[in-house]
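The values are calculated or read from the model by the stated rules, or taken from the named source; none is laboratory data. Keep in mind that what you see is a predicted model, and the values were worked out from it rather than measured. Cβ placement follows ideal geometry from the backbone for every residue including glycine, while neighbour counts extend to all protein chains displayed.
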Amino acid sequence: MEVFLQTLVAGILKGGLYALIGLGMTLIMGVMGIINLAHGQLMMIAMYVTYVLFHYMGVDPYYALIVSMPSLFVLGMLIQRFLLNPLMKVEAILPENQVLMTVGIGMVLTEVIRFIFSSNYLSAQTSYSSEVRFVGGISISYPLSIAFVVATVLTLALFWFLIKTDLGRSIRAVSQDPEAAELMGINAERIKIITMGLGSALVAAAGTLLLPIYYLYPDIGGPFTRRAFVITILGGLGSTVGAIFGGVTLGLAEAFGSTYIGMEFEEMIGLVIFLLVLLFLPGGFKRLTKV
Amino acid sequence: MKQYSGAILLLAVMLVFPLAVQDAYYQHLMILVLLWVAIGSGWNLISGYAGQVLFGAAAFFGVGAYTAALLSHKLGISAWWGLPLGAVITFALALPFGWVCFRLRGPYFALATLALNEIFRHIATIWESLTEGMVGILVMQTFVSKVPYYYIALGIAVASVLTVEIVVRSRWGYYFVSIREDQDAAESLGIDTLRYKSVALCLSSCMIGLAGALYTNYMGFIDPRVVFSLHDVSIAAILVGIIGGVGTVSGPAVGAFIMVAVMEIFRSGGFGFLGKLSSATGSPFVATLTKYISEAHVLSFGLLVIFVILYLPNGVVGDWPILKKKLLFWRRQATV
Amino acid sequence: MAFFEAKNITKFFGGLAAVNGVNFRVEQGQTYGLIGPNGSGKTTIFNLINGYFPLTTGEIYFGGRKISGLKTYRICQEGIGRTFQVVKPLKRMTVLDNVVASAFLRTRSKREAVRLAEETIAFCGLTAHKDKLAKSLPIASRKRLEITRALATKPKLLLLDETAAGLNPSEVDEAIRLIRKINESGITIIIVEHIMKVIMTISDRILAINHGMVIAEGTPAEVASNHEVVAAYLGEDYDAQS
């Protein structure tokens, strides 16, 4: 029972972070209609930004959020402006060329980082990296709980932004019907640029929050890209509430999988769930809950 | 016959190539090109013609490769039997996969193939009692010389291109392209889209699986990271298809040549040219440059993906008229 | 046994009835018109007939056989061809290849398919555009290509969805002539059309629907004088004033 509860708590905490990753992906999916296969690589960049701040300037990873999020926001905007938006005007046989473009971007990001930092494993060991609190016999990782709290705050802030602000409403309008939104005087290209920046900033937050508990190496992006699309499909493409459900579900599935089946299955579980959801629940959780 | 004269000429050149060029290094590069012709043709049939983008070619490549390796490793049978058997097994994998996943459309199908790719890579890594996991499997190579491998690869590449050529001129080809252009229209014109998408996938997977089995025999060593690689196999297959020209018969051949050439130019620093240059001049700058360029070969690959999608979305063959116009324009400007 | 019969067909999208308990029968050789205001469920009926949407309830019979529940491509094989209101040309194929692809339904030989395609193209008057890419055609020719392609599957029943929409008056006349010619060659037609001139001149019988339900059925003259039809098209006020 204790093991079960322990796993449950770990899964939910990790799920909070995954939700943050999934939210960014979902926003991009909603507005652009594409799966961003460079999502994990963007997160990796944010982790390196945080690492540099921590290692060379002694900035606490949590304060580094102030730098990592804006810098990834800008990077995301640049990618959208100069690499993805121009593709709208290119006529190609395969409609998937935007998705493929994100793969190319992901590769370039990974290799540029490898160029600068080499393939070595890095880590940002903080004083609290392995700190644990006990609540009723269950140990709770301190940095993971902080990450969970920050992720929740950011998620709430995002919802406030999407519901209450004009810009947020424009984003929702474009994701519901780009053509109609454009007719209403919304500049869809600009919205796409901002959304890509926003999605990148969200995943940057997740990366920064993960750094104290993870090792860092250039190829870390790939597994997280896969997690991101699993979460997005799980939640229902373009559904923000679904992304939170998807993130928590994946967090729990991975936690229980690695506890009860074996550590090495951790990544595969997500992929198998992904295939099952694609086949038996197309539309993801959105279809069950209609949110 | 005239329309095939170029192809026949090329084939003749390819047939005498290993006799003319004895250097094992260039023979090796050509074998890689031929392997990519087969993989690219397979990718092109399902993705370029039938429009169902395969993001996980490595799933079939790896299964073909492991079929050959396991035959020799577990059963002590010659890995060459992996060629026919690999094709059969990838076929047997593609059939149910297609039947299940072709209910998904467009990007969803692409993601499902990507997931299949990753799942197989994990299985091959985890199931150590069968696959030896990350340690990989060593297979004794049959020939010391590269020439026999070259001709076998040539045979497979030619067979792949011919298969595509014959299929796309037939009823199947019309059906594939109809499905790519508009699946609803195709269905309402009496085309069983599920069935013909599966046909295309099975044919494609056979070509890719065959290439995988040949890879095992030729390289003599495989591990999950290499043969189930998302970047080096799956994405590279897409790149070969796109560089050459999506939905063209000769596209994959052109694409394979360009991709191997570009990668190798980076990896080897201009086929060793930069290395020679730096030792000849003794310039530390050229030496550093050489080192960086060879380290950047994967980076070059990513940049190539971006460049091709932005500027050559229909590939060298597909955009040839535009490309020719641009080249002529440059030449005219130069002479003025 | 009727040539074609729809029995109590109903389609719900979510909680909304797009088509609700519609009955009609079409005799062989007829041109059967389907009219109704925008969003009244005409195209949905086509999508139900050719199996693009599954029926919520009801049954459809064709040539004495139940066809509801069959897949779209099977229904086409049974002999029901259709065109789309929003044309769906196979863009990067030539006009000839578009038609050859559908002609393969009735023959496995490529030579035979090409022959059938060329014959159908000539019948529909598209020979001049034969080698052009479908995406380069003007709208009138695209509409015509839709019909040609459907005809190449050798249908016994042809469903035409807004074939004359977006055409200029002379093109409309040509379209009417073509539809007549197809009907005279022995093919039964069900046609959805907005342009009253077209539907009134070519239909043998007309079914008028509104909000997914039948409001009138009969000869063109009967339907045109029906109060409910007039009201549905011109609004309740118009009916009250007259």
- For the range B:109-123, state whether one or more residues are in contact with a Pro (Cβ under 6 Å, 6 or more places away or on another chain) and at pLDDT 90 or above. yes
- Out of all the residues in the range B:77-89, is one or more farther than 26 Å from B:LEU194 by Cα and within 11 Å of chain A (Cβ to nearest Cβ)? no
- Apart from one, (1) out of contact with any Phe, Trp or Tyr (no Cβ under 6 Å at 6 or more places or on another chain); (2) at pLDDT 85 or above all hold for A:TYR121; the odd one out is (1)
- The correct count of residues that are within 14 Å of chain B (Cβ to nearest Cβ) and over 26 Å from B:PHE176 (Cα atoms) in the range C:68-98 is 0
- Just a yes or no: is a residue in the range A:71-89 farther than 23 Å from A:LEU198 by Cβ and modelled with pLDDT under 85? yes
- So which of B:VAL249, B:VAL233 is touching a residue at least 24 places away in the same chain (Cβ under 8 Å), among the hydrophobic types (A, V, I, L, M, F, W, C) and either in a loop (DSSP other than H, G, I, E, B) or in contact with a strand residue (DSSP E or B) (Cβ under 7 Å, 6 or more places away or on another chain) (or both)? B:VAL249
- Task: Among the residues of the range B:62-73, write down those that are closer than 12 Å to B:LEU138 by Cα and either in a loop (DSSP other than H, G, I, E, B) or touching a strand residue (DSSP E or B) at 6+ places or on another chain (Cβ under 9 Å) (or both).
- Result: B:ALA65, B:TYR66, B:ALA68, B:ALA69, B:LEU70, B:SER72, B:HIS73
- Inspect all residues belonging to the range C:177-186 and state whether any of them is touching a Phe, Trp or Tyr at 6+ places or on another chain (Cβ under 7 Å) and at pLDDT 90 or above. no
- Hits in the range C:147-166 (condition: of a type in the set (D, E, K, R) and either touching a strand residue (DSSP E or B) at 6+ places or on another chain (Cβ under 7 Å) or surrounded by 23 or more Cβ atoms within 10 Å (Cβ to Cβ) (or both)): C:ARG149, C:LYS156, C:ASP161, C:GLU162
- Task: Could you check A:SER130 against (1) within 12 Å of another protein chain (Cβ to nearest Cβ); (2) of a type in the set (S, T, N, Q); (3) over 22 Å from B:ALA236 (Cβ atoms) and say which number it fails?
- Result: (1)
- Task: Could you run through the range C:108-122 and say how many residues are within 12 Å of chain B (Cβ to nearest Cβ) and either touching a Pro at 6+ places or on another chain (Cβ under 7 Å) or not aliphatic (A, V, I, L, M) (or both)?
- Result: 5
- Spot the failing condition for A:SER170; the list is (1) touching a residue at least 60 places away in the same chain (Cβ under 8 Å); (2) of a type in the set (Ser, Thr, Tyr); (3) farther than 18 Å from A:PRO70 by Cβ, and only one is missed. (1)
- Taking the range C:44-55 as the search range and keeping residues that are crowded, with 20+ Cβ neighbours inside 10 Å and within 14 Å of chain B (Cβ to nearest Cβ), which one is nearest to C:ALA208 (Cα to Cα)? C:PHE46
- Task: Restricting attention to helices (runs of 4 or more DSSP H) lying wholly within the range B:78-158, give those where 1 or more residues are within 27 Å of A:ILE233 (Cα to Cα).
- Result: B:82-101, B:106-126
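Results for (1) more than 14 Å from chain A (Cβ to nearest Cβ); (2) surrounded by fewer than 24 Cβ atoms within 10 Å (Cβ to Cβ), shown as yes or no for each residue.
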{"position": "B:ILE222", "(1), (2)": "yes, no"}
{"position": "B:PHE228", "(1), (2)": "no, no"}
{"position": "B:HIS231", "(1), (2)": "no, yes"}
{"position": "B:VAL240", "(1), (2)": "no, no"}
{"position": "B:GLY244", "(1), (2)": "no, no"}
{"position": "B:THR248", "(1), (2)": "no, no"}
{"position": "B:PHE266", "(1), (2)": "no, yes"}
- Residues in the range B:36-60 that are in a helix (DSSP H, G or I) and more than 12 Å from B:ALA236 (Cα to Cα): how many? 11
- Task: Could you look through the range B:182-208, keep only residues that are closer than 17 Å to C:ALA152 by Cβ and crowded, with 22+ Cβ neighbours inside 10 Å, and pick out the one that is farthest from the other protein chains (Cβ to nearest Cβ)?
- Result: B:ALA186
